[in-house]
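K.L.:
Starting off with a structure, shown below.
The values are calculated or read from the model by the stated rules, or taken from the named source; none is laboratory data. All values reported here derive from a predicted model rather than from experimental measurement. Heads up, the Cβs are rebuilt from the backbone with ideal geometry, glycines too, and the neighbour counts pull from every protein chain shown. Accessible surface areas use protein heavy atoms only, side chains included; no ligands, DNA or RNA. Shrake-Rupley method; radii C 1.70, N 1.55, O 1.52, S 1.80 Å.
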Amino acid sequence: MILLATLLAAAEPRFVIRVNHVGYLPDAPKVAVACSLDADPRRNVSFTVADETGRVIQRARSVRSGGAFGPCAETYRLDFSSVRAAGRYVIEAGGVKSPTIRVGRDVYDGGADTLLYYLRQQRSGFNPYFRDSVHRLDGFVVDDTGRVVKFQPVSGGWADASDYLQYVTTSATATYHLLLSYRDHRSAFDDKFLGNGLPGSNGVADVLDEARHGLSWLLQMFPSDLEMYNQLGDDRDHVYLDLLTTDSSDYGWGKGKQRPVYPCTGRPQGLFQGKNRSTGFASTAGKYASTFALAARLRASGSDSLDAVLKRKAIFAFALGEQFPGACQTAPGRSPYFYEEENWVDDMELAAAELHALTGERKYLDAARRYAEREPVTPWMGADSARHYEWYPWWNAGHYALWKTGGAAERATAANFYRLGLALVAARATNGFRVGIPFIWCSNDLMASFATQAMLYRRMTGDTRFREFEQAAIDWLFGTNPWGTSMVVGYPRGGRWPRDPHSVVSMQFGPEAITGGLVDGPVYRSIYGNLRGIALRKPDVDSLFNTGFIVWHDDLGDYSTNEPIMDGTANLVVLLSALSSRAGGEGSRR
Ligand SMILES: [Ca+2]
Ligand SMILES: [Ca+2]
């Protein structure tokens, strides 16, 4: 057995070429990364690029090693940016061929819609994937002791990940991202689904259908000016690995019955051992306000009276945030993990900027500028680590909103603040993959956010100094990483992507069932080693590439790197819709 294992290991390639499996836009920087598991004293390779027929179209070029990264003893950046013609190509280096590489304006078309499949699958209330209603009894509002205050109808929204908790923090952010994608890139989206998520056409872009699903839950979670709810369910959910439709979590009111609804209180919360460190309302209030304000301005709800309600609630949510500054964190149950969001001025900045755009009132622009000055850079940028969701959302859309609604001074300030953050990450990205984010839990969310901020900065200013890093982050998400895998389940069809994510849905129905889900992504080995209850369920096919400081496992047992995440998926919709060739997308630019 040992001999066989040794022989098999010896047969594994020790020199690999990693590429973006989705492909490259004709005018984008194009770089594949070769990873050698063995140190090479020459520290040098030459590579060629051939077209589909085998004809060499870029003659041999020699490249110096960019040094070690993770499992790679050497990394080589194979730049083929000069290849601009649409087509399929193969790179050859070190006697090894790359996977087929696509170049074309339309390589990202349909990508954003693919992500929406996962969001539909995560729907609570009526779930179109299961064609059944889930969690229809939600929920019971609870006080600090867990005592039921009253029943409140809040069935709807999206399950957060492969557990079924629901948070305003992530759901409002996701809804905002969907609305922003609709506003900026609506032609990138199809209309192949109805409002309830079943197949069909309703004259509404599917991204707006999905945003409306989020809006309707958020309206239920902020039912009156005196009640601002923050969370539905808690981690007692984790006891069972059930399907959404047969969730048998028991919060003391019977299996599969009501789930607890946690309000923002401004006080630490947690019914068992662990408590969060909540201090106010503003992180959640700001998210309600910005999402409702953008929806009202876009007339997104489809009804004038509902748009008026959204506007009134946006104004009131912002006022609550001003009255009770501080963070409203998610509440832990029996496990020590919760979303430890500390920053709230980013959320209030975004809210104020959107309210200015909606109402034109000067006081909101002043407030947006004031909040922006308090946190120019989202603090994970440039850092080596952070607590779980400590600095959330991962990119501050408030600066972009301020830039859009402000005058010349605000535009300069907002662009400058984005630049400062990007420069801090770029300064850490001296490795062969050109990545500078910290590999904390949900690193793919950070990677997508860095790329989004870099793209927005480039469009806002025309300054291309971070273009290489922007592209490297996009490429990382779709295969230019040590494992050579796309991080989105089922996308792109022909590429490598997670087959065994941490999800009971894919476990029972196959990975196609959760097409479109962005998984958490690699984490520091130290994080993986210290989390509770992680055990791989099968031999690691990527063991050769899991020897470095970061790890990723295509294994249901690893909830730290391979669990699809709702908010990360919605965040990526912004980027993928921008890359589409349809009407104004990045792919249409010359
Ligand atoms: Ca539709
Ligand atoms: Ca925040």
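K.L.:
Relative to the Cα centre, what is the charge dipole magnitude of region 121-258, using +1 at the beta carbon of each Lys and Arg, -1 at the beta carbon of each Asp and Glu, and rounding to the nearest 20 debye?
P.N.:
Computed about the Cα centre, the dipole is about 340 debye.
K.L.:
How much of the DSSP beta bridge set in the chain is antiparallel, as a percent to the nearest 5?
P.N.:
Working: 47 of 50 bridges.
For the chain, the DSSP antiparallel bridge percentage is about 95.
K.L.:
Which of the three applies to region 186-308, rounded, prolate or oblate, going by the alpha-carbon gyration tensor with a ≥ b ≥ c and a/c under 1.5 meaning rounded? Don't skip to the answer; put the middle values down first.
P.N.:
On the way: a/c = 2.63, a/b = 1.38, b/c = 1.90.
Oblate is the answer for region 186-308, as a/c is 1.5 or above yet b/c matches or exceeds a/b.
K.L.:
Within the chain, count lysine pairs with alpha carbon atoms under 23 angstrom apart where the residues are 8 or more positions apart or belong to different chains.
P.N.:
15
K.L.:
Also, quick follow-up: Put VAL261, VAL96 in order of accessible area, largest first, 1.4 Å probe: what do you get? Present the calculation step by step, with values, prior to reporting the outcome.
P.N.:
Details: VAL261 0, VAL96 40 Å².
Largest accessible area first, the list is VAL96, VAL261.
K.L.:
Provide, for q = 0.11, 0.15 Å⁻¹, the log10 of I(q)/I(0) from a solvent-free Debye sum over equal Cα point scatterers in region 461-590.
P.N.:
-0.43, -0.76
K.L.:
Still on this structure, please answer the following. Accessible area per residue of the chain at 1.4 Å probe, in Å²?
P.N.:
Ligands and nucleic acids excluded, the result is 36 Å² per residue.
K.L.:
Please work out whether the chain counts as rounded, prolate or oblate from its C-alpha gyration tensor, where a ≥ b ≥ c are the square roots of the eigenvalues and a/c under 1.5 means rounded, while otherwise a/b larger than b/c means prolate and anything else oblate? Please list the in-between numbers first.
P.N.:
On the way: a/c = 1.75, a/b = 1.39, b/c = 1.25.
It comes out prolate by the Cα gyration axes.
K.L.:
In what sequence, largest accessible area first, do ASP51, ASP558, ASP366 appear using a 1.4 Å probe?
P.N.:
Working: ASP51 30, ASP558 0, ASP366 50 Å².
The most accessible residue leads, giving ASP366, ASP51, ASP558.
K.L.:
Considering the chain, which cysteines have no disulfide-compatible partner, defined as another cysteine with its Cβ under 4.7 Å away?
P.N.:
Cys with no partner Cβ under 4.7 Å: CYS442.
K.L.:
Which cross-chain or sequence-distant (5 or more) residues have an amide H under 5 Å from the amide H of PHE281, H modelled 1.01 Å from N in plane?
P.N.:
Those lying under 5 Å, H to H, from PHE281 are PHE324, GLY326.
K.L.:
Counting only protein heavy atoms and using a 1.4 Å probe, what share of the accessible area of the chain belongs to carbon plus sulfur, as a whole percent? Present the calculation step by step, with values, prior to reporting the outcome.
P.N.:
On the way: 11160 of 21010 Å².
In the chain, the share of accessible area belonging to carbon and sulfur is 53 percent.
K.L.:
Tell me which of LEU424, PHE151, THR170 sits at the most positive position along the dipole axis of the chain, charges placed on C-beta atoms (Lys, Arg +1; Asp, Glu -1).
P.N.:
Positive-most Cα among the choices belongs to LEU424.
K.L.:
Follow-up question, since we're still on this one. Hey, if you put +1 on the Cβ of every Lys and Arg and -1 on every Asp and Glu Cβ in the chain, which of ALA289, ALA161, SER133 ends up farthest toward the positive end of that dipole?
P.N.:
About the Cα centre, the residue reaching furthest to the positive side is ALA289.
K.L.:
A further question follows. DSSP H helices in the chain with Cα extent of 15 Å or more along the helix axis and mean Kyte-Doolittle hydropathy at least 1.0? All intermediate terms of the calculation are to be shown ahead of the outcome.
P.N.:
Details: long enough: 111-121 (16 Å, -0.18); 168-185 (24 Å, -0.12); 206-221 (23 Å, -0.04); 282-298 (23 Å, 0.48); 304-323 (29 Å, 0.27); 345-359 (20 Å, 0.45); 362-374 (19 Å, -1.72); 408-427 (28 Å, 0.72); 443-461 (27 Å, -0.12); 467-477 (16 Å, -0.43); 566-578 (19 Å, 1.26).
Both cut-offs are met by 566-578.
K.L.:
At 1.4 Å probe size, put SER82, SER98 in order of accessible surface, largest to smallest. Before the final figure, lay out the partial values.
P.N.:
Numbers: SER82 75, SER98 10 Å².
Reading off the accessible areas and sorting them downward yields SER82, SER98.
K.L.:
So who's got an amide H within less than 5 Å of the one on ASN127, skipping anything under 5 residues away but keeping other chains? H placed 1.01 Å off N, in plane.
P.N.:
ASP132, SER133, VAL134
K.L.:
Residue farthest toward the positive end of the dipole of region 316-371, with Cβ of Lys/Arg at +1 and Asp/Glu at -1: which of ALA331, LEU365, ASN343?
P.N.:
Selected residue: LEU365.
K.L.:
If the only charges are +1 at each Lys and Arg Cβ and -1 at each Asp and Glu Cβ, what is the size of the charge dipole of region 385-466 around the Cα centre, to the nearest 20 debye?
P.N.:
Values: 9 positive and 4 negative charges, 45 e Å.
With Lys and Arg at +1 and Asp and Glu at -1, about 220 debye.
K.L.:
Let me ask something else. Rounded to the nearest 10 Å², what accessible area does ARG465 have for a 1.4 Å probe in the complete protein model?
P.N.:
140
K.L.:
Once you charge only the Cβ atoms, +1 for Lys and Arg and -1 for Asp and Glu, what is the size of the charge dipole of the chain about its Cα centre, to the nearest 20 debye? Provide the component values of the computation, followed by the final result.
P.N.:
On the way: 64 positive and 65 negative charges, 254 e Å.
That gives a dipole near 1220 debye.
K.L.:
According to the square roots a ≥ b ≥ c of the eigenvalues of the Cα gyration tensor, what is the shape class of region 241-335, taking rounded for a/c under 1.5, prolate for a/b larger than b/c otherwise, and oblate for the remainder? Numbers along the way, then the final one.
P.N.:
Details: a/c = 3.26, a/b = 1.41, b/c = 2.31.
Note, shape of region 241-335 comes out oblate.
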